[in-house]
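A short write-up of the structure that comes next.
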Amino acid sequence: MSKNLRGLSARKGVTEGLYEKIVSAAGASGDLTDKGLSSAEGTHGDSIGEGLMKAAGMSGVSTDDSLKSVARDFMTGHAAVMGTSSFYDFLRKDYLAKKVFVCDGTACLTSGRQDDVRRKLEERYADHEIGVVTCLGHCHSNDAFMINGEVKVIEGNAVGQTLKTLANTDKPALLPPTCGVAEYYALAAGWLPDTAAALKELELSGLRGRGGAGFPFHVKVKSSREAQAGRKYIVCNADEGDPGAFSDKWLLEERPHSVLFGMMMTGIITGADTGVVYIRGEYPLAVRKTREAVRELEEAGITAGQTEEATHRFRFHVVEGSGAYICGEETSLLNSLEGLRPEVRTRPPFPAIYGLFGMPTVLSNVETFANIHYILQEGGTAYATLRTEKSPGTKLVSLDGAFNRPGLLEVRMGTPLRTVIEEMGGGTRYPVKAFQIGGPLGGLVPASRIGDLTLDFESFSREGFLLGHAGIVSVPEDFPVIKLLEHLFEFTRKESCGKCFPCRIGAVRGYELLYDAAEKGRKIDKQLFDDLLDTMQLGSLCALGGGLPLPVRNALQYFSGELEDYFTDKQAQ
């Protein structure tokens, strides 16, 4: 069934895609018109939230009728279109009934600022008008809220207005501003006669994916280049949903051309002529800035031209997500772009061979693509010198609001973690007992272990942790670990795509066990809980269910004394 729907969706292509038609149709119901959102605080029509409101105000037809119309247009079933529409948080009527949203990400939770933000908003809004969203990417200030498609911070918080950056290398690859568009993209022309040489530089650089898995980037590019197909795509996964990480958000808002250049060059190397940037809806400014950068390229005649020159043939399309963390998983993202229900695909085949609309697709994250300009300008070998043996280059690190110098760091791989936290971050403002690094599925590193780690893939893996996106969330000394574990299971429960039982059911059962232990005093059977973690880790189709056991087991190992009162060993009785 998925292949049939994929083929029907492919008929319209990317620019007239089924997903975006469904999003438009979901806002067509006349009962969504009176939401009282302030137009003065909108984003000039650039966000899904405001777009839905406008569609609601102009239409007299029901959402159901509009979705049926979309289904007829794409020659597919109404149930398939409704199934996709019902998946996304931003398209639900209960979401559209809210006026303002507070962030409930891990960094905001552990900071203790959530209640303060909510109380401030309650001065203007009723309790039922306030919703929650995860995550707005203001982990450095912990005071963000979203209204009418725009992210704001509480007035008077100077930290929330600016984001500080710092690097520990003389020539950073990612933080420096890009020059003029014509000059910046002129680098591409030198590689047009020999794209094989450009691929070789990527191989020499040793660049690994920066989205968490750390897969060698040149392998994806080479596989897609060698694949035989009439159409190929480049897709940028900008649905960075890990609470605690805001590096992709910053790059798209402040350095969008570094990302677009990397995508375009990857397309030139592989023979792809279309690049899609899929940006999470919780980052409305990133969506707007990226679209502006695409228009700038087109107006300069660099892309979307009429000649057969490789850069002219390349076209970008920016797609805004609708509130689904799972779309940060590559195959879920591809299904979303195709207008299918964004459930995880089984692999193989991998996207480099069978990706968007079943065509070869290089899919990687924002930071990965942003490195390519530096590599092709300075050389792959120069990039590789910023490295450990298996982790070349630099890594963007996000520091949350607990640090004395919160913000974004560009760090040489192999830098001691203690240096990152205590010197570059200035230490924390209050006592911290652990750092969750790499998002909600990343490891929970006790403060006592930071001296044992260096910032690179192999060090974290060797010590039983995960580098991931390298967002660092601080867990205060007085924050109960049991509440953190409850939060992580609740997050997984809410964000699971539901395709596989271990994740869909396991996350619910884990949350129930932890909630009952924390709130009702019902002790958890250790063996039962361990079996649950094994089932999720071994049986889940993707890293959402499969990755959750890592921080949970870290907590059980390093904070056993704090957690022992919540568990019982029935076999020992």
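Please verify whether segment 174-181 includes one or more residues that are free of Cβ contacts under 8 Å to residues at least 40 places away in the same chain, more than 28 Å from G425 (Cα to Cα) and of a type outside the set (D, E, K, R). Looking through segment 174-181, at least one residue is free of Cβ contacts under 8 Å to residues at least 40 places away in the same chain, more than 28 Å from G425 (Cα to Cα) and of a type outside the set (D, E, K, R). Tell me, which residue of segment 3-32 that is in a loop (DSSP other than H, G, I, E, B) and among the aliphatic types (A, V, I, L, M) is modelled with the lowest pLDDT? If we take residues in segment 3-32 being in a loop (DSSP other than H, G, I, E, B) and among the aliphatic types (A, V, I, L, M), then A28 is modelled with the lowest pLDDT.
Can you say whether R119 is open to solvent by 10 Å² or more (accessible area, probe 1.4 Å) and either under 15 Å from E253 (Cβ atoms) or more than 25 Å from the chain's Cα centre (by Cα) (or both), as far as the supplied structure shows?
On the way: open to solvent by 10 Å² or more (accessible area, probe 1.4 Å): yes; either under 15 Å from E253 (Cβ atoms) or more than 25 Å from the chain's Cα centre (by Cα) (or both): yes.
So R119 fits the description; yes.
Looking at G241, G230, G212, just one residue is touching a Ser or Thr at 6+ places or on another chain (Cβ under 8 Å) and at pLDDT below 95, and that residue is G241.
Given the options K494, K520, name the one that is open to solvent by 10 Å² or more (accessible area, probe 1.4 Å) and closer than 15 Å to Y566 by Cβ. Let's see the steps before the verdict.
Working: K494 fails: closer than 15 Å to Y566 by Cβ.
It is K520.
The rows are residues; the columns are (1) within 16 Å of the chain's Cα centre (by Cα); (2) farther than 30 Å from C500 by Cβ; (3) in a loop (DSSP other than H, G, I, E, B).
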position	(1), (2), (3)
V287	yes, yes, no
E298	no, yes, no
T303	no, yes, yes
V319	yes, no, no
L333	yes, no, no
V344	yes, no, yes
F350	no, no, yes
I353	no, no, yes
F357	no, no, no
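Being open to solvent by less than 10 Å² (accessible area, probe 1.4 Å), farther than 30 Å from Y95 by Cα and either of a type in the set (G, A, S) or not in a helix (DSSP H, G or I) (or both) is true for just one of G244, G267. Which residue is that? So that I can check it myself, show each step before the final result.
On the way: G244 fails: farther than 30 Å from Y95 by Cα.
G267 is the lone residue from the list that is open to solvent by less than 10 Å² (accessible area, probe 1.4 Å), farther than 30 Å from Y95 by Cα and either of a type in the set (G, A, S) or not in a helix (DSSP H, G or I) (or both).
Of all residues in segment 446-482, those being touching a residue at least 60 places away in the same chain (Cβ under 8 Å), of a type in the set (D, E, K, R) and open to solvent by 20 Å² or more (accessible area, probe 1.4 Å) number 2. Of the residues making up segment 197-215, those that are open to solvent by less than 50 Å² (accessible area, probe 1.4 Å), touching a residue at least 40 places away in the same chain (Cβ under 8 Å) and of a type in the set (A, V, I, L, M, F, W, C) are A198, L199, L202, L207.
For segment 67-103, a residue qualifies if it is open to solvent by less than 30 Å² (accessible area, probe 1.4 Å), modelled with pLDDT of 90 or more and more than 16 Å from S9 (Cβ to Cβ), and the qualifying residues are Y88, F90, L91, V100, F101, V102, C103.
Residues that are in contact with a strand residue (DSSP E or B) (Cβ under 7 Å, 6 or more places away or on another chain) and of a type in the set (G, A, S) within segment 161-211 comprise A167, A173, G209, G211, listed in sequence order. In the list Q527, Q571, which residue meets the criterion of being open to solvent by 20 Å² or more (accessible area, probe 1.4 Å), modelled with pLDDT under 95, outside any loop (DSSP other than H, G, I, E, B) and of a type outside the set (K, R)? None of the others qualify; the one that does is Q571.
Scanning segment 216-228 for residues that are open to solvent by 40 Å² or more (accessible area, probe 1.4 Å) and assigned to a loop (DSSP other than H, G, I, E, B) yields a total of 1.
Based on this model, can you work out whether A167 counts as of a type in the set (A, V, I, L, M), open to solvent by 10 Å² or more (accessible area, probe 1.4 Å) and more than 27 Å from the chain's Cα centre (by Cα)? Full working, then the answer.
Numbers: of a type in the set (A, V, I, L, M): yes; open to solvent by 10 Å² or more (accessible area, probe 1.4 Å): yes; more than 27 Å from the chain's Cα centre (by Cα): no.
So A167 does not fit the description; no.
Filter segment 387-443 for residues that are outside any loop (DSSP other than H, G, I, E, B) and on the phi > 0 side of the Ramachandran plot and give the result. It would help to see each step written out before you state the result.
To start, the set of residues in segment 387-443 that are outside any loop (DSSP other than H, G, I, E, B) comprises 394-399, 403, 407-412, 416-424, 428, 432-437, 443.
Answer for segment 387-443, where residues must be outside any loop (DSSP other than H, G, I, E, B) and on the phi > 0 side of the Ramachandran plot: just G407.
Scoring W250 on the criteria (1) out of contact with any helix residue (DSSP H, G or I) (no Cβ under 7 Å at 6 or more places or on another chain); (2) part of a helix (DSSP H, G or I); (3) more than 23 Å from T165 (Cβ to Cβ) leaves a single failure, condition (3). Look at T346 and say whether it is without any contact (Cβ under 8 Å) to a residue 60 or more places away in the chain and of a type in the set (V, I, T). So T346 fails the test. Which of the residues that make up segment 530-549 are of a type in the set (A, V, I, L, M, F, W, C), open to solvent by less than 50 Å² (accessible area, probe 1.4 Å) and at pLDDT 95 or above? Hits for segment 530-549 are L532, L533, M536, L548. Among the candidates S336, S332, S322, the residue that is touching a strand residue (DSSP E or B) at 6+ places or on another chain (Cβ under 8 Å), farther than 13 Å from G275 by Cα and of a type in the set (S, T, Y) is uniquely S336. Please determine, by comparing only the residues of segment 164-204 that are of a type in the set (S, T, N, Q) and out of contact with any Leu (no Cβ under 9 Å at 6 or more places or on another chain), which one is farthest from A238 (Cα to Cα). It comes out as T195.
Is one or more of the residues making up segment 125-141 aromatic (F, W, Y), more than 23 Å from R341 (Cβ to Cβ) and surrounded by fewer than 21 Cβ atoms within 10 Å (Cβ to Cβ)? Within segment 125-141 (the criterion being aromatic (F, W, Y), more than 23 Å from R341 (Cβ to Cβ) and surrounded by fewer than 21 Cβ atoms within 10 Å (Cβ to Cβ)), the answer is yes, since at least one residue qualifies.
All conditions but one from (1) open to solvent by 10 Å² or more (accessible area, probe 1.4 Å); (2) under 17 Å from Y558 (Cβ atoms) apply to H487; the one that does not is (2).
Scanning segment 402-418 for residues that are closer than 17 Å to A434 by Cα and among the small types (G, A, S) yields one hit, A402. The set of residues in segment 171-185 that are surrounded by 13 or more Cβ atoms within 10 Å (Cβ to Cβ) and in a helix (DSSP H, G or I) comprises V181, Y184, Y185. Regarding G328, is this residue open to solvent by 10 Å² or more (accessible area, probe 1.4 Å) and out of contact with any Leu (no Cβ under 8 Å at 6 or more places or on another chain)? Criteria met by G328.
The values are calculated or read from the model by the stated rules, or taken from the named source; none is laboratory data. Owing to the predicted nature of the structure, the values given are computational and were not obtained by experimental measurement. Every residue, glycine among them, receives a Cβ derived from its backbone with ideal geometry; neighbour counts consider all protein chains shown. Each accessible area value is taken on the protein alone, full model and side chains, heavy atoms only, with ligands, DNA and RNA left out. Shrake-Rupley method; radii C 1.70, N 1.55, O 1.52, S 1.80 Å.
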